[in-house]
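Working notes for the structure below.
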Amino acid sequence: MTSAPQSQEAPAPPTRPPTAHTSPSRAPAVPLPTDTPRRLDPYHAADHLTRLYRLAVGMCGSRELAEDLVQETYARVLARPRVVRGDGFSYLARALRNVLINHVRTEARRNQAPAPEHLDPPDPRPTADPEAAAMIGALYTAIAELPDDQREVVAAVDLAGMAYAEAAALLDVPVGTVMSRLYRARERIALALEL
């Protein structure tokens with residue numbers, strides 16, 4: 001019994017991984033890493049407005065002051081071209097923190113630094129549920145009564161949605177410090193809200 005001759009195909013040539021010198025027609029596009037320094041685009045910087053505002057409210061405790069701080073942050077950052085890494089939010093958050101520090105120093109020199117009891121609670125109107133509105137107001141009041149270092153961490157991680165590493169870079173502390181401050185802050189908030 002003779003078997004039919006089997007066709008032997010030549011092995012495919014080895015493929016090279018795409019490099020920066022390969023033409024796009026031969027290799028798929030490789031996205032640039034987000035850590036590549038690039039110029040901050042003013043139009044994309046505006047995408048972070050809501051998140052930056054939430055961070056500002058959490059850091060200072062006042063809606064009106066938060067609006068002023070965010071406006072001052074954007075005015076300073078967009079006054080001249082900036083080179084950033086990533087999506088730019090970390091840079092904007094750092095700039096916001098610096099603007100807040102400058103504001104607190106200026107107010108301290110004027111002897112008019114606001115005490116936490118004078119700060120406005122957040123506007124509870126976004127929700128139609130009165131119980132939820134009361135809970136939100138109590139939550140923001142509890143956040144405003146935290147020590148500064150804990151309030152900054154809660155604002156960065158819980159209100160602005162930053163990762164621990166981003167918050168650590170923003171606040172210039174190790175990641176472990178962010179985690180411990182966040183734990184203690186959440187514990188105090190839970191006690192204040194009797195959860």
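Just the residues that are of a type outside the set (Ser, Thr, Tyr), within 18 Å of GLU187 (Cβ to Cβ) and part of a helix (DSSP H, G or I), please, taken from region 136-148. It would help to see each step written out before you state the result.
Of all residues in region 136-148, those of a type outside the set (Ser, Thr, Tyr) come to 136-139, 142-148.
Adding the requirement that they be within 18 Å of GLU187 (Cβ to Cβ) leaves 138-139, 142-148.
Residues satisfying the conditions are ALA138, LEU139, ALA142, ILE143, ALA144, ASP148.
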Problem set entry | PRO147 touching a Lys or Arg at 6+ places or on another chain (Cβ under 8 Å) and either at pLDDT 90 or above or buried (at least 19 other Cβ atoms within 10 Å of the Cβ) (or both) | no
For this session: From LEU171, LEU182, grab the single residue that is touching a helix residue (DSSP H, G or I) at 6+ places or on another chain (Cβ under 9 Å) and within 14 Å of SER90 (Cβ to Cβ).
Result: LEU171
Problem set entry | Count of region 175-195 residues which are part of a helix (DSSP H, G or I), without any contact (Cβ under 8 Å) to a residue 12 or more places away in the chain and exposed (fewer than 13 other Cβ atoms within 10 Å of the Cβ) | 5
Exercise. When you scan region 41-134 for helices (runs of 4 or more DSSP H) that lie fully inside it, which ones turn up with 1 or more residues that are at pLDDT 90 or above?
Worked result: 49-60, 63-78, 89-109
Exercise. Do you know which residues across region 154-179 are under 11 Å from the mean Cα position of the chain (by Cα) and closer than 23 Å to SER62 by Cα?
Worked result: ALA155, ALA156, VAL157, ASP158, LEU159, ALA160, GLY161, MET162, ALA167, LEU170
Seminar exercise, completed: Residue hits (region 149-174; in contact (Cβ under 8 Å) with a residue 24 or more places away in the chain and in a loop (DSSP other than H, G, I, E, B)) are ALA160, GLY161, MET162
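The values are calculated or read from the model by the stated rules, or taken from the named source; none is laboratory data. It should be emphasised that the depicted structure is a prediction, and the values quoted were computed from it without experimental measurement. When we count neighbours, we look across all protein chains shown, and the Cβ atoms used for this are built from the backbone with ideal geometry, even at glycine.
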